[in-house]
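Participant: Okay, here's the structure, questions in a sec.
The values are calculated or read from the model by the stated rules, or taken from the named source; none is laboratory data. Because the structure is a prediction, the values reported are computed rather than measured. Cβ placement follows ideal geometry from the backbone for every residue including glycine, while neighbour counts extend to all protein chains displayed.
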Amino acid sequence: MPPTLSMRPEMSKRIPEAIDQDRVSANFPKRPRDSHKGMFGSVAIIGGAVGMVGAPLLAARAALKLGAGCVHVGLLADNAPAVDLQQPELMLHRAHDILSLKPFALSSSKGNSVIAIGCGMGTSTAAYKLLYEALKFKTPLVLDADALNLLASHTDLQDDLRARTHPAVLTPHPGEAARLLGCEIREVQTDRVAAVRQLAQKFACSVVLKGADSLCATHDSKLFVNRTGNPGMSTAGMGDVLSGMIAAFIAQGMSTDDALLLSVHLHGAAGDALAAQQAGIGMTATEVTEWARWLLNQWT
């Protein structure tokens, strides 16, 4: 078991820098007049065990509406839909087929594809195999939800993650962070700076530790704190939307660090915009996606 956070006090000394809206939005790539969808990458969203198909669909809709050129969704559930009637632009597949599909494989060979895995995926043997395959794939990764729970309980997957040459982003909430670090949730919450730094160092990834004033650690050990967001965002699906946003920005050519910082800040700002409309109670992840798209177009 790794040292508890209380045994690593030197890790929390550095004060995080506040994410600056102008700086992070300035990194969003400009679109030429002769654009086509192939220029803005392909995203593969993988997850959706029985009863949880909505999670990857929320992530995929966010990826599409935040600018990804093409979005594929790999669903684990046997009774998964063949089409998303609310968003028919999404391409739905069996989870175990998605990485071998010609369109996604072609995009990956061009270097502008990204995989987001874990949303509603469960921790079954089938889910383990999907994560194992994704970690071997030569493309950036966004790991969320059950991908993090599988990672926490399988040291071989941790070794595979550290051995990767392509970047990855981890998006844990405090409970997932505690499992990844082998400590108690209270330890994570007592010293969140130490927790996010230890996660980034342990797994050689960029990390966002979600919650009030989310903390981000970049691959080069820089620390950032996000000041957007509000209690109304404490509802199902918000993390799925954030994962889809990060994946979309990476697919469009942003570095994983830039994509992470922009997504976290924009995600919270969209929630703040909704709260300003007196929608703080009953706010939904779907509404946050819509507001995030509107804000992004204003910022850029």
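Participant: Quick one: in the range 228-258, of everything that is under 16 Å from Asp213 (Cα atoms) and aliphatic (A, V, I, L, M), which residue is surrounded by the fewest Cβ atoms within 10 Å (Cβ to Cβ)?
Facilitator: That would be Met238.
Participant: Restricting the search to the range 216-238, which residues are closer than 30 Å to Val53 by Cα, touching a residue at least 40 places away in the same chain (Cβ under 8 Å) and either among the basic types (Lys, Arg) or out of contact with any helix residue (DSSP H, G or I) (no Cβ under 8 Å at 6 or more places or on another chain) (or both)?
Facilitator: Pro231
A quick yes/no check of all residues on (1) modelled with pLDDT under 95; (2) closer than 25 Å to Ala49 by Cα; (3) of a type in the set (Lys, Arg):
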site	(1), (2), (3)
Tyr128	no, yes, no
Leu143	no, yes, no
Gln158	no, yes, no
Arg164	no, no, yes
Leu170	no, yes, no
Thr190	no, no, no
Val196	no, no, no
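Participant: Is it the case, given these coordinates, that Thr235 is in a helix (DSSP H, G or I) and within 17 Å of Ala59 (Cα to Cα)?
Facilitator: no
Participant: I would also like to ask the following. Please list, ordered by first then second residue, the pairs with beta carbon atoms under 6 Å, 6 or more apart or interchain, first in the range 117-128 and under 12 Å from His96 (Cβ atoms) and among the small types (Gly, Ala, Ser), second at pLDDT 95 or above and in a loop (DSSP other than H, G, I, E, B).
Facilitator: These pairs meet every condition: Ala127/Met121.
Participant: Just a yes or no: is a residue in the range 91-101 part of a loop (DSSP other than H, G, I, E, B), out of contact with any Asp or Glu (no Cβ under 7 Å at 6 or more places or on another chain) and free of Cβ contacts under 8 Å to residues at least 40 places away in the same chain?
Facilitator: Within the range 91-101, one or more residues are part of a loop (DSSP other than H, G, I, E, B), out of contact with any Asp or Glu (no Cβ under 7 Å at 6 or more places or on another chain) and free of Cβ contacts under 8 Å to residues at least 40 places away in the same chain.
Participant: So if I check each of Ala134, Ala168, Ala200, Ala126, which one is closer than 22 Å to Val73 by Cβ and in contact with a Ser or Thr (Cβ under 8 Å, 6 or more places away or on another chain)?
Facilitator: Ala168
Participant: Here is a follow-up. In the range 180-200, which residue that is touching a residue at least 40 places away in the same chain (Cβ under 8 Å) and polar (S, T, N, Q) is surrounded by the fewest Cβ atoms within 10 Å (Cβ to Cβ)?
Facilitator: Ranking the qualifying residues of the range 180-200, first place goes to Thr190.
Participant: Can you find, within the range 27-48, the residue that is surrounded by the fewest Cβ atoms within 10 Å (Cβ to Cβ) among those that are assigned to a strand (DSSP E or B) and of a type in the set (A, V, I, L, M, F, W, C)?
Facilitator: Result: Ile46.
Participant: Looking at the range 7-27, I want the residues that are more than 27 Å from Asp191 (Cβ to Cβ) and have a partner that is part of a loop (DSSP other than H, G, I, E, B) and at pLDDT 95 or above with Cβ atoms under 7 Å, at least 6 apart or on another chain. Which pairs are those?
Facilitator: Hits for this filter: Asn27/Met254.
Participant: Which of (1) at pLDDT 95 or above; (2) under 26 Å from Asp257 (Cβ atoms); (3) loosely packed, with under 12 Cβ neighbours inside 10 Å; (4) of a type in the set (D, E, K, R) does Glu10 not meet, given it meets every other one?
Facilitator: (1)
Participant: Would you say Ser100 is of a type outside the set (D, E, K, R) and over 15 Å from the mean Cα position of the chain (by Cα)?
Facilitator: Answer is yes for this residue.
Yes/no matrix, rows are residues, columns are (1) within 24 Å of Ala251 (Cα to Cα); (2) not hydroxyl-bearing (Ser, Thr, Tyr):
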{"residue": "Met91", "(1), (2)": "yes, yes"}
{"residue": "Phe104", "(1), (2)": "yes, yes"}
{"residue": "Ala116", "(1), (2)": "yes, yes"}
{"residue": "Ser124", "(1), (2)": "no, no"}
{"residue": "Ala127", "(1), (2)": "yes, yes"}
{"residue": "Val142", "(1), (2)": "yes, yes"}
{"residue": "Asn149", "(1), (2)": "no, yes"}
